[in-house]
Amino acid sequence: MDKLLASICCSLNMAVFSQKNATHFHLVSDIPEWLVFFLGQASADHCSLSHTFPYLTCFMDDAEAHWQTQQTTPLASGVWIETDELGNEVALEASALCVNGEAILLLQNLGEKYRKEVSHLQQLREGLLTQEKLENEVQKRTLKIKQREEEIAIKLVSLTSYRDEETGAHVKRIGLYAAAMGKALGWETQQIDDIRIAAPMHDIGKIGIPDRILLKKGKLTENEFAIMKRHTEIGAKMLQDSNIPVLDMAADIALCHHEKWDGSGYPRGLVGEEIPESARITAIVDIYDALVHERVYKKAMCEQEALTLMESMTSSHLDPELFKVFVGLLPVMRRIRLEVNEIGDLLVSY
């Protein structure tokens, strides 16, 4: 794709696909940053758009008929809504057309223009049915309850961080990074919600470590480090046996986030996939966030330097396949870093 067309696609928030077969497409244009989160691990040459965006399943029948007629006039799918890595609504629309006999699918992020049009239409509407109003109110209240529950959990976890060098913003970012990875890995919605809340609890066991060790500026002695390592088991004991899925996941993460891929970690010396996937994800995102942010005891590392260091840790400390997923989501991770960078900004995003 030449520079002019690439520039047009970028300015229109648009991705261009050509059809490979009945179910898969090839990405012709550069991938927009907003699309990275939704495609996850899919390659540019092998995109199953109906799987990624179930809304398109019915539209594909109409699109196939449109392509068979070799029409150059676009056929639009209509607008649908997806949720991005920060929980914000994203309005998308697909269009099918033929170019030089080739089946082309355009996928566009309608952005602010769509939101303004929706707002205008809502203002013109004079009323809704009583039942519809009640259902909307119930949905809003349910969402607010969910937001409060998550914010309470994150604030409680951040209280423990006041005893060491972590920040409330770090705690929030860990959950969002981990949820983005769960989404890319195809996890169920409930599991994604759970890890967003559970991952920030990875160091909750530090509340049981004495200040003389936790706050020590110099290198820990062998005995002191042995005590520090107990925060994994302390955290797990605090969270386990609740019969609440999110706390069960949090207990696994607290216990296993210092285990290493080659078995040299603690407290149990687990190897490879013996380590819960949620803990392997948390280890990656926690190291990334710690490296690229400044602390009172160190300067921030540039991202490329941090990634090079993390790459050297794969197969020994970090799960190499999960690290590849993480690298593929870097545009998503950078956005989270920019959006969540203040300790006071702990509002939950949906």
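Per-structure values
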{"item": "Verdict on Ala236 being in the same structural domain as His317 (by TED's automatic domain parsing), in contact (Cβ under 8 Å) with a residue 24 or more places away in the chain and buried (at least 18 other Cβ atoms within 10 Å of the Cβ)", "result": "yes"}
{"item": "Qualifying position, being under 30 Å from Gly328 (Cβ atoms), in a helix (DSSP H, G or I) and touching a Gly at 6+ places or on another chain (Cβ under 8 Å), among Ala179, Ala251", "result": "Ala251"}
{"item": "Gly87 being surrounded by fewer than 16 Cβ atoms within 10 Å (Cβ to Cβ), at pLDDT 90 or above, not assigned by TED's automatic domain parsing to the domain that holds Arg173 and not in a helix (DSSP H, G or I)", "result": "no"}
{"item": "Residue within the stretch 40-49 that is within 23 Å of Met333 (Cα to Cα), surrounded by fewer than 16 Cβ atoms within 10 Å (Cβ to Cβ) and not hydroxyl-bearing (Ser, Thr, Tyr) present", "result": "yes"}
{"item": "Wholly within the stretch 1-61, helices (runs of 4 or more DSSP H) carrying at least 2 residues that are closer than 16 Å to Val99 by Cβ and either out of contact with any strand residue (DSSP E or B) (no Cβ under 6 Å at 6 or more places or on another chain) or not hydroxyl-bearing (Ser, Thr, Tyr) (or both)", "result": "3-11"}
{"item": "Selection count where residues are under 25 Å from Ala180 (Cβ atoms) and of a type in the set (D, E, K, R), scope the stretch 1-51", "result": "3"}
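Results for (1) in a loop (DSSP other than H, G, I, E, B); (2) modelled with pLDDT under 95, shown as yes or no for each residue.
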site: Asn243; (1), (2): yes, yes
site: Leu247; (1), (2): no, yes
site: Leu255; (1), (2): no, no
site: Glu259; (1), (2): yes, no
site: Gly263; (1), (2): yes, no
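The values are calculated or read from the model by the stated rules, or taken from the named source; none is laboratory data. If you're wondering where the values come from, they're calculated on a predicted model, not measured in any experiment. With ideal geometry, Cβ positions are generated from the backbone for all residues, glycine too; neighbour counts draw on all protein chains shown.
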